[in-house]
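Asks: Here's a structure for you.
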Amino acid sequence: MKNVLLVFGGMSYEHDISVVTASQIYNKTKIDDVKLVPFYVSRENRFYVYLSEKFILSDFTITGFNLAKKRFKEIAFVSNEKGILFSKTKFGLKEYLKSDTAIFAMHGSDGENGKLQAIFESFGIYSSCGNFDSLAICMNKYLFKQVMLGIKVPTVSGFKLTQNDLNENADKIKEKVNRLGFPLVVKSNNGGSSIGLFVASNEEEFFEKLKESFEFDNEILVEKFIEGSREFNVAVIGDNDKFSVSEIDEPLKTHEILSFADKYCSDASGKAVKIDKSLKNSMAGSLRKFPADIPVRLQNRMKKFASRIFKALNLRGIVRIDFLYNEKDNKIYVCEVNAIPGSLAFYFFTKNQILINDFVKKLISIAEKYKETHFLINKEYITDVLK
């Protein structure tokens with residue numbers, strides 16, 4: 001029986017969505033030779049193994065976590081390359097379990113920007129996500145734009161701002177804003193789930209929304225708002241050697257932008273609902289058209305861009321790539337890559353009758369393949385420098 005860590009939680013405003021994703025995977029997966037080990041990263045960035053046989057979502061609320069401490073075992077990493085986890089006891093550290101592969105179900109912050117993946121890899125635990133540099137590019141929306149320009153994938157015009165820019169360069173910001181023209185999108189440069197995302201229709205509203213966005217991030221991305229656009233998503237699973245591209249999904253929105261509520265907490269009419277706990281109907285289920293009702297030529301263009309992005313960034317595992325389509329100008333723009341998508345984008349593949357067990361096995365095999373290729377790299381070079 002091999003242990004595979006299911007990593008979730010984290011110091012992120014997407015913490016709760018991450019917990020739901022992990023619960024969906026853990027509660028639905030039964031693989032004979034695999035034990036999924038829920039590995040929780042708390043809001044305080046401490047590590048725990050969750051001991052309950054079933055996920056109890058209330059255990060992960062701010063108050064519930066303190067009440068449910070008996071269902072958590074605190075873990076400490078000790079420098080080694082053997083994937084050994086040590087538990088904290090009153091007598092010190094004790095070897096707890098060994099694992100060399102992990103599935104990351106963390107959204108946002110350090111769980112999706114590559115930092116934790118790099119730490120885990122240094123301890124001999126390899127994940128089905130992309131490399132830390134690929135994840136960092138995907139998480140940083142402005143940096144992602146620059147890479148897309150390099151591989152000739154169109155993105156919406158925009159620029160990045162810091163708090164220092166706002167304090168010292170207000171006139172320059174106004175010039176950039178006027179060149180783009182209203183309305184504008186103001187959003188966190190390193191965030192997700194549409195949190196800290198606003199549309200501003202004039203200069204006064206722009207600076208007001210800018211201040212609100214800075215509550216969620218130190219860097220803000222400002223983009224031209226494409227009026228009347230439709231949003232489309234596509235998922236890619238595999239690695240650079242072999243990958244599959246899903247059918248196109250069209251999320252339906254009740255606001256001018258796709259909001260957090262649209263993604264997780266609304267039905268097709270915009271009525272509030274509880275977050276769906278199943279993988280097949282995740283992200284509000286009926287609040288989308290899948291597959292999207294669009295011409296084949298448009299589908300093929302998006303799939304071609306998705307394949308180019310996946311290969312150029314050397315991604316692996318399961319990712320979701322978001323596009324905007326301006327019907328008036330017949331133009332496609334890539335918005336971002338979600339390197340660890342909500343519910344791990346499983347719903348994109350249910351039309352192909354992929355079972356959750358096979359889906360998780362696929363992610364594990366991708367992690368194991370990466371681990372094997374990693375060990376083929378020669379890391380030693382003998383010199384006489386120190387003699």
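Asks: Considering only DSSP beta bridges whose two residues both sit in the chain, what percent are antiparallel, to the nearest 5?
Replies: 80
Asks: Oh, and also: Go through segment 140-152 residue by residue and turn each phi into a ³J(HN,Hα) via Karplus (6.51, -1.76, 1.60, θ = phi - 60°); whole Hz please, and just put x for glycine and proline.
Replies: Couplings: 8, 4, 5, 4, 4, 4, 5, 5, 4, 4, x, 9, 6 Hz.
Asks: Would you mind working out the magnitude of the charge dipole of segment 1-71 relative to its Cα centre, with +1 at each Lys and Arg C-beta and -1 at each Asp and Glu C-beta, to the nearest 20 Debye?
Replies: Taking the Cα centre of segment 1-71 as origin, the dipole is about 220 debye.
Asks: Additional query: Identify which of MET139, MET106, MET11 has the largest mean-square fluctuation in a Gaussian network model of the chain, with springs joining Cα atoms closer than 10 Å.
Replies: Highest fluctuation among the options: MET11.
Asks: Pull up all non-local amide H partners of LEU6: gap of 5 or more, or a different chain, and H-to-H distance under 5 Å with H placed in the peptide plane.
Replies: VAL37, PHE39, ILE103
Asks: Is there a pair in LYS224/LYS331; LYS30/LYS289; LYS187/LYS361; LYS35/LYS70; LYS115/LYS369; LYS35/LYS82 whose C-alpha atoms are over 24 Å apart, and which pairs would that be?
Replies: The pairs that break the limit, which is 24 Å between Cα atoms, are LYS30/LYS289; LYS187/LYS361.
Asks: Given a 1.4 Å probe and every protein chain left where it sits, what share in percent of the accessible area of segment 108-263 is carbon and sulfur?
Replies: The computed percentage sits at 48.
Asks: Distance check, please: which entries in LYS211/LYS303; LYS2/LYS145; LYS311/LYS371 exceed 30 angstrom between their Cα atoms?
Replies: Going by Cα-Cα distance, LYS211/LYS303; LYS2/LYS145 fall outside the 30 Å limit.
Asks: Report ³J(HN,Hα) in whole Hz for each residue of segment 25-36, in order, from the Karplus equation J = 6.51 cos²θ - 1.76 cosθ + 1.60 where θ = phi - 60°; Gly and Pro get x.
Replies: 5, 5, 6, 9, 9, 9, 10, 4, 9, 10, 10, 6
Asks: Would you mind checking which residues have amide H under 5 Å from LEU97's amide H? H placed 1.01 Å from N; only 5 or more apart, or other chain.
Replies: Those lying under 5 Å, H to H, from LEU97 are LEU85.
Asks: What's log10 of I(q)/I(0) for segment 37-154 at q = 0.21, 0.24 Å⁻¹, Debye sum over Cα points only, no solvent?
Replies: Values, matching the q order: -1.22, -1.40.
Asks: Counting only heavy atoms of protein chains, what accessible area per residue, in Å², does the chain have with a probe of 1.4 Å?
Replies: 48
Asks: Mind checking which of LEU135, GLN299, LEU344 is farthest towards the positive end of the chain's charge dipole, using Cβ charges of +1 (Lys, Arg) and -1 (Asp, Glu) about the Cα centre?
Replies: My answer, from the dipole projection, is LEU344.
Asks: Taking amide H positions as placed 1.01 Å from N in the peptide plane, with prolines and chain starts having none, which residues 5 or more places from TYR126, or on another chain, fall under 5 Å of its amide H?
Replies: For TYR126, whose amide H was placed from the backbone, the distant partners under 5 Å are THR101, ALA102.
The values are calculated or read from the model by the stated rules, or taken from the named source; none is laboratory data. What you see is a predicted model, and the numbers here were worked out from it, not measured in a lab. Quick reminder, even Gly has a Cβ in these numbers, built from the backbone with ideal geometry, and neighbours come from all protein chains shown. In case anyone asks, the SASA skips ligands and DNA or RNA and just uses the protein heavy atoms, side chains included. Shrake-Rupley method; radii C 1.70, N 1.55, O 1.52, S 1.80 Å.
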